[in-house]
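All remarks here apply to the structure that follows.
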Amino acid sequence: MEQQLISIIVAAYNVEKYLDKCVESLINQTYSHLEIILVDDGSTDRTPSICDNWSRRDYRVQVIHKRNGGLSDARNVGIKKSTGRWLGFVDGDDYVLPEMYERLYQSRLEKGITVCGFITEKNNDKQLCPAIEKKLNPSEAINLYLMNELNGHYHGRVTYWGSYACNKLYDRHLFKSIAYPVGKKYEDMYIIFDLIHQSEAIQFVPYCGYVYVQHVNSITHENDTIVHESLKARQWQKEQLWKYWNIVDSRMEQLIDCEYFLILYRYACQSVKKRKQNRVIADRAWERLKKSEVRCFPKMMKQKLILFVYFPSIFRFFKKLKSRFEGKLINHG
């Protein structure tokens, strides 16, 4: 049987330290009928030259250099350039295992999405997140999505079936009327329900093929913005849930509550000066949670909420202490 072309779109922005490993993992796939599109999104390091070098080494690698427009724009440009029957996405600082696209292709679905499990890698420590072996219709897939997302927030479990694009193989026809939202962060959250709605089925493969590399951030890094766009994305998902399936699900409200929980977490992580600047926002988040489904939060989350709201300086102190201790362990590991 003739193999159909898979287009793999790699968005790359200032990933000179990781891009070689990423591309090498793609050209060494056991499924070789690939079109690898490297989208250099206006990088200011050596990423552009690394991309060009790979295009000279392997005819399957194509390179697009463009002005910086963000991840959504880079993926949209890659989709337009692609010619494959099937689409996959890889972030330039991650990599994949040799059989990933062969496994996904073997279980491909016309007008559908195929999903595998993945591996999280942090400081060379790897954690498996395997997927189930099952085929679901869109309504069943939405139910599993909401359940898995809540488990992720409540119990810290990474889920194989979430919004992220990179552990999936898509029928390219799904993107005929769908594009990533340019200018928005958490872009995958904005379009996952669109993609599920356009699909006839979603197939899960019990194989961990994608390696999501979690890079260690600076201990002293602080973000001035405590309200992230993930809150708007969740609210958008709530609207889509009703638009596509006429569903009002309490779990969606709980996921929105989790975003308010994260607002208060970021507030507690800030310095006293920055907390004063964000006090009104934090008060509004706390008022929202007091009126909502906080009773559904696990005990540990409820206890943390008390620290965030009433004892933020104590929380911040112990968080920084923990970060320094873990940093010492890494340096001596």
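Here are a few things to note about the model shown:
- Checked against (1) of a type in the set (Asp, Glu); (2) under 27 Å from GLY183 (Cβ atoms); (3) modelled with pLDDT under 95, ASP125 passes all but a single condition, namely (2).
- Cβ-Cβ contacts under 6 Å between residues 6 or more apart (or on different chains), taken from a first residue in the range 283-306 that is basic (Lys, Arg) to a second residue that is open to solvent by less than 80 Å² (accessible area, probe 1.4 Å) and part of a helix (DSSP H, G or I), are listed as ARG288/TYR260.
- Of all residues in the range 31-75 being aromatic (Phe, Trp, Tyr) and over 18 Å from ASP93 (Cα atoms), the one that is least open to solvent (accessible area, probe 1.4 Å): TYR31
- Within the set PHE175, PHE193, PHE118, the sole residue that is without any contact (Cβ under 8 Å) to a residue 60 or more places away in the chain and not charged (D, E, K, R) turns out to be PHE193.
- Counted as qualifying within the range 82-199 are the helices (runs of 4 or more DSSP H) with 3 or more residues that are closer than 23 Å to ALA11 by Cβ and open to solvent by less than 20 Å² (accessible area, probe 1.4 Å), namely 100-106, 187-198.
- Strands (runs of 3 or more DSSP E) within the range 1-74 that include 2 or more residues over 16 Å from TYR180 (Cβ atoms), free of Cβ contacts under 8 Å to residues at least 40 places away in the same chain and of a type outside the set (Lys, Arg): 34-41, 61-66
- When GLU229 is tested against (1) modelled with pLDDT of 95 or more; (2) open to solvent by less than 70 Å² (accessible area, probe 1.4 Å), just one condition goes unmet, and that condition is (1).
The values are calculated or read from the model by the stated rules, or taken from the named source; none is laboratory data. These numbers were taken from a predicted model, which means no experiment stands behind them. Methodologically, a virtual Cβ is constructed for each residue, glycine included, from the backbone with ideal geometry; neighbour enumeration extends over all protein chains shown. Protein only, heavy atoms only, side chains kept; ligands, DNA and RNA dropped before computing areas. Shrake-Rupley method; radii C 1.70, N 1.55, O 1.52, S 1.80 Å.
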